[in-house]
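The values are calculated or read from the model by the stated rules, or taken from the named source; none is laboratory data. Since we're looking at a predicted model, the values are computed, not measured. Cβ coordinates were reconstructed from backbone atoms using ideal geometry, including for glycine residues, and neighbour counts include every protein chain displayed. With ligands, DNA and RNA removed, areas are computed over all heavy atoms of the protein, side chains included. Shrake-Rupley method; radii C 1.70, N 1.55, O 1.52, S 1.80 Å.
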Amino acid sequence: MDFKKCLPLFSYIFHPIFSSIYGTLFFFVIAKNYFNNPQIYITLIQVTILTVLMPLSMYFLFRSLGLLSSFTEASIAERRMPIAIQAILLFVLIKYSISKEMFTELYYFFLGGLLSTLVVLSAVLLKFKASLHMIGISALTAFIYGLSVYYQLPFTYLIGICIICMGFVASSRLYKKAHTPIELIAGIFIGMVPQLLLFKYWL
């Protein structure tokens, strides 16, 4: 079996629209004792609707209109509208759903995601295509690291697995010729730096 043929799978498993729900699920697994079940379920539903279901709906709409050609690869011109919509949805999420007082860590996770989205949108307007996949998995990795420090839990192996998955995702993007190494590195920085800068507000 040729492992290279399995690499594109990582582009789907770690598609950027799933990073938010992965981070939210992990947060509640770690901090579930601090919240009641209705709070957890309602938040998960809100995050799922705004970061997964609505973007997927918009994808199928844009695909039917001929404005998007692929779920995992998109040209610079095709990226503008989806990324702008993602920024709006993340703003709505942190403004009206994820309370800073109640879900502090999660609030800053999504705020970091919003900052990354605005940076990558600016890059798109400047004709630079940073890897959205690397932004998503890098932000998730940084968030898991932050939770391990904050809750003083030994997530060494999990963080190691996340870093390995980052390598697989990067290899997948190179294998599919969707990005250059520079675009992948830019994605890592755009995803991680906002998360790391916001650590000081909740660590």
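Residues that are touching a Phe, Trp or Tyr at 6+ places or on another chain (Cβ under 7 Å), open to solvent by 10 Å² or more (accessible area, probe 1.4 Å) and either assigned to a helix (DSSP H, G or I) or modelled with pLDDT of 95 or more (or both) within the stretch 94-135 comprise Ile94, Thr104, Glu105, Tyr108, Phe109, Leu114, listed in sequence order. Of the residues making up the stretch 165-191, those that are small (Gly, Ala, Ser) and out of contact with any Asp or Glu (no Cβ under 6 Å at 6 or more places or on another chain) are Gly167, Ala170, Ser171, Ser172, Ala186, Gly187, Gly191.
Considering the stretch 145-184, and only residues there that are more than 27 Å from Lys32 (Cβ to Cβ) and without any contact (Cβ under 8 Å) to a residue 12 or more places away in the chain, the residue that is surrounded by the fewest Cβ atoms within 10 Å (Cβ to Cβ) turns out to be Lys177.
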